Amino acid sequence: MIVAVDGYSSTGKSTVAKRIARRLGLTYIDTGAMYRAVTLAALRQGAIDAEGQIDEERVRGILPQVEIAFRGEGKEGRAETYLNGENVEREIRGMEVADQVGGIAALGFVRAFLVEQQREMGRRGDVILDGRDIGTVVFPDADVKFFLTASPEVRAKRRYEELRAKGMKVSYEEVEANVRKRDYIDSHREASPLVQAADAVVVDNSTMTVDEEVEWMVRVIEERCGRSVEQAKN
Ligand code: DC
């Protein structure tokens with residue numbers, strides 16, 4: 001069974017996808033973390049300069065040495081992201097990576113490289129993936145597709161609180177500007193822009209609690225694929 005969770009940044013896709021994974025016995029795959037890991041590798045190799053200019057050929061050159069894996073159970077009960085054997089979970093969530101990831105995710109050859117790996121992971125079993133192009137490009141035949149949305153202010157506030165809770169020094173204005181910038185880049189890029197799949201179930205969670213949202217999404221999945229849900233649970 002394949003469940004796709006797409007939508008704007010900071011709509012809580014990973015929070016709900018993780019919880020649904022645990023409830024239904026699915027493997028959770030955070031595709032945003034994969035774009036973030038490539039961005040971190042590019043920053044470390046000097047393929048992005050101080051002005052945010054990306055040296056595409058350099059990025060292309062480092063891809064063969066980029067090995068991404070999800071391993072172990074992190075603090076929040078999910079696997080953490082490893083880049084060439086190093087745990088980079090914290091670093092990929094920081095503002096430096098957040099500021100540059102939109103540009104890296106817009107590169108067609110980076111997308112092709114990661115989509116291939118995501119399809120391979122999906123072939124291995126029952127999965128729930130979150131991202132921007134899961135229901136449209138990676139798995140157009142996914143069993144259930146969700147498209148998450150919420151107002152930019154609500155999303156920026158959530159993201160700001162999350163970063164502050166992790167001890168990161170950021171201002172609300174900076175976070176809101178980043179959310180808006182990523183919305184723009186994600187939906188205007190040429191390669192796989194963020195669009196809602198025609199057959200996606202839209203979830204606007206601006207005024208929903210996480211519990212309500214998860215309950216509702218689980219019900220939709222069970223209604224649509226009752227038998228395969230039972231198989232995944234066992
Ligand atoms: O979900 P996230 O915020 O961790 O995603 C980080 C960035 O990666 C975001 O700017 C959009 C991009 N992304 C993408 O283009 N396609 C995906 N499947 C997942 C993320």
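The values are calculated or read from the model by the stated rules, or taken from the named source; none is laboratory data. Because the structure is a prediction, the values reported are computed rather than measured. Cβ: placed from backbone, ideal geometry, glycine included. Neighbour counts: every protein chain shown.
Counting residues that are surrounded by 21 or more Cβ atoms within 10 Å (Cβ to Cβ), within 15 Å of the chain's Cα centre (by Cα) and within 12 Å of the ligand (Cβ to nearest atom), which strands (runs of 3 or more DSSP E) fully inside the stretch 126-234 reach at least 2?
On the way: elements: 127-131, 144-149, 201-204.
The strands (runs of 3 or more DSSP E) meeting that bar are 127-131.
Quick one: is GLY103 more than 12 Å from the ligand (Cβ to nearest atom), of a type in the set (Gly, Ala, Ser) and modelled with pLDDT under 95? Full working, then the answer.
Values: more than 12 Å from the ligand (Cβ to nearest atom): no; of a type in the set (Gly, Ala, Ser): yes; modelled with pLDDT under 95: yes.
No, not satisfied.
Within the stretch 89-100, work out how many residues are of a type in the set (Gly, Ala, Ser) and either more than 8 Å from the ligand (Cβ to nearest atom) or modelled with pLDDT of 95 or more (or both). Give the steps one after another, and end with the answer.
Residues of the stretch 89-100 of a type in the set (Gly, Ala, Ser): 94, 98.
Narrowing the set further to residues that are either more than 8 Å from the ligand (Cβ to nearest atom) or modelled with pLDDT of 95 or more (or both) leaves 94.
Here the count works out to 1.
Any chance the stretch 75-82 includes a residue that's farther than 11 Å from ILE29 by Cβ, among the aromatic types (Phe, Trp, Tyr), more than 8 Å from the ligand (Cβ to nearest atom) and touching a strand residue (DSSP E or B) at 6+ places or on another chain (Cβ under 8 Å)?
yes
If a residue must be within 11 Å of the ligand (Cβ to nearest atom) and in a helix (DSSP H, G or I), how many such residues does the stretch 107-125 contain?
We begin by selecting, within the stretch 107-125, every residue within 11 Å of the ligand (Cβ to nearest atom); these are 107, 110-111, 114-115, 118.
When the remaining residues are screened for being in a helix (DSSP H, G or I), the result is 110-111, 114-115, 118.
The number of residues fulfilling the criteria is 5.
For ILE104, are the conditions met, namely being in a helix (DSSP H, G or I), hydrophobic (A, V, I, L, M, F, W, C) and in contact with a Ser or Thr (Cβ under 9 Å, 6 or more places away or on another chain)? Full working, then the answer.
Working: in a helix (DSSP H, G or I): yes; hydrophobic (A, V, I, L, M, F, W, C): yes; in contact with a Ser or Thr (Cβ under 9 Å, 6 or more places away or on another chain): yes.
Criteria met by ILE104.
Of all the residues that make up the stretch 168-213, how many are closer than 26 Å to ILE92 by Cα and among the β-branched types (Val, Ile, Thr)?
The total comes to 6.
Please go through the stretch 2-34 and pick out each residue that is away from the ligand (no atom under 13 Å from the Cβ) and in contact with a Phe, Trp or Tyr (Cβ under 6 Å, 6 or more places away or on another chain).
Those that are away from the ligand (no atom under 13 Å from the Cβ) and in contact with a Phe, Trp or Tyr (Cβ under 6 Å, 6 or more places away or on another chain): ILE2, ALA21.
Could you check how many residues of the stretch 142-190 are more than 18 Å from VAL210 (Cα to Cα), touching a strand residue (DSSP E or B) at 6+ places or on another chain (Cβ under 7 Å) and hydrophobic (A, V, I, L, M, F, W, C)?
Count: 2.
Every residue, every condition in (1) small (Gly, Ala, Ser); (2) touching a residue at least 60 places away in the same chain (Cβ under 8 Å); (3) touching a Lys or Arg at 6+ places or on another chain (Cβ under 8 Å), yes or no:
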residue: GLY72; (1), (2), (3): yes, no, no
residue: ILE92; (1), (2), (3): no, no, yes
residue: GLY102; (1), (2), (3): yes, yes, yes
residue: GLN118; (1), (2), (3): no, yes, no
residue: ASP143; (1), (2), (3): no, yes, yes
residue: LEU148; (1), (2), (3): no, yes, yes
residue: LYS157; (1), (2), (3): no, no, no
residue: ARG164; (1), (2), (3): no, no, no
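Please work out which residue is farthest from the ligand (Cβ to nearest atom), limiting yourself to the stretch 35-53 and to residues that are buried (at least 19 other Cβ atoms within 10 Å of the Cβ) and not in a helix (DSSP H, G or I).
Only one residue fits best here, namely ALA47.
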